[in-house]
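The values are calculated or read from the model by the stated rules, or taken from the named source; none is laboratory data. Because the structure is predicted, anything quoted here is derived from the model rather than measured. When we count neighbours, we look across all protein chains shown, and the Cβ atoms used for this are built from the backbone with ideal geometry, even at glycine.
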Amino acid sequence: MGYKNPLKLTRQSGAMFALLTTALAMIGTVAAETSLLREDDTVGASFWIATAMMFAATAFFIMERGSVAPKWRTSMTVAALVTGVAWYHYTYMREAWAQTYALGAGQSPLVLRYVDWLITVPLQVAEFYLILAAVGAATAMLFWRLFGASLIMLISGYLGEAGHAPEMPMLVIGCIAWFYIMYEVWAGDAKKGADTASEGTQFAFRAMAIILTVGWAIYPIGYFMGTGDNPNVDFLNILYNLADSVNKVAFGLMVWYAATMDTKASASAEE
Ligand SMILES: *C/C=C(C)/C=C/C=C(C)/C=C/C1=C(C)CCCC1(C)C
């Protein structure tokens, strides 16, 4: 009986959450003071939706962190960092879009986008590494190989989109790096440990493999639509915004779900 804490906030995560939301709200107000979303701006709406999703996901992962088994907490922290960093950049990206839209034509927030990816993709690789470590398949070398491949993928994408290098060859190089990452997860050492791991870990591993294959595939499609002779800037940005939401928010939710599964299983095993 007595007081029930509905969100199961520990004192520590409660304080962290209060601190973070205050900081985020301050940054958000600064970033949001200039342009407004116009009624006919569909792409702009997708920027706003992605921003809100990143914010809500960050708050959720921080609050839930204290309710999962200790071995999953670092994964929850990394999931919150991924959406938190993205939230920060989205407040600026939606501004950049809305301002150029108000001047006549929305422009891709290219540099902001790639700065965000340059931080969040390695963070996700770290998240993958944690899952691989849980299935007993992680070595430091594997982490550096995945990290290196993700950098090649992003740098070639940036050079192509920014016009510093030919678009199609850069797309091809980026895709080769991405295929390599998929190979490691589907066919490399990573797969071996997965069958003997706990149910939650197996779920997280499958979710990761699907995110890397299906979720990440949205990006090269967006790149392809947004470059070439008839670039479609609207489509590129809608696809990138959708992809970010799936790969950052949905993936974090799957990690949370896996963590919850394991936490319940170990709680009932103890009874
Ligand atoms: C949170 C942000 C994420 C998960 C961003 C992922 C970005 C990619 C998977 C980008 C992939 C690309 C290629 C596979 C080819 C070259 C063009 C890119 C950079 C769009």
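Let's see how each residue does on (1) crowded, with 20+ Cβ neighbours inside 10 Å; (2) under 27 Å from Trp97 (Cα atoms); (3) not acidic (Asp, Glu):
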site	(1), (2), (3)
Leu151	no, yes, yes
Ser156	yes, yes, yes
Met168	no, yes, yes
Gly200	yes, no, yes
Tyr223	yes, yes, yes
Ala243	no, yes, yes
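Tell me, yes or no, whether region 119-139 has at least one residue that is surrounded by fewer than 16 Cβ atoms within 10 Å (Cβ to Cβ) and closer than 18 Å to Ile238 by Cα. No; the residues of region 119-139 include none that is surrounded by fewer than 16 Cβ atoms within 10 Å (Cβ to Cβ) and closer than 18 Å to Ile238 by Cα.
For region 134-152, filtering for residues that are within 29 Å of Tyr88 (Cα to Cα) and out of contact with any Phe, Trp or Tyr (no Cβ under 7 Å at 6 or more places or on another chain) leaves 7.
Taking the criterion of being away from the ligand (no atom under 11 Å from the Cβ) and closer than 16 Å to Phe143 by Cα, the only residue of region 111-127 that qualifies is Ala126.
Does Asp262 satisfy being crowded, with 21+ Cβ neighbours inside 10 Å, more than 12 Å from the ligand (Cβ to nearest atom) and modelled with pLDDT under 90? So Asp262 fits the description; yes. The residue that is farthest from Leu110 (Cα to Cα), counting only those in region 139-167 that are in contact (Cβ under 8 Å) with a residue 40 or more places away in the chain and touching an Asp or Glu at 6+ places or on another chain (Cβ under 9 Å), is Thr139.
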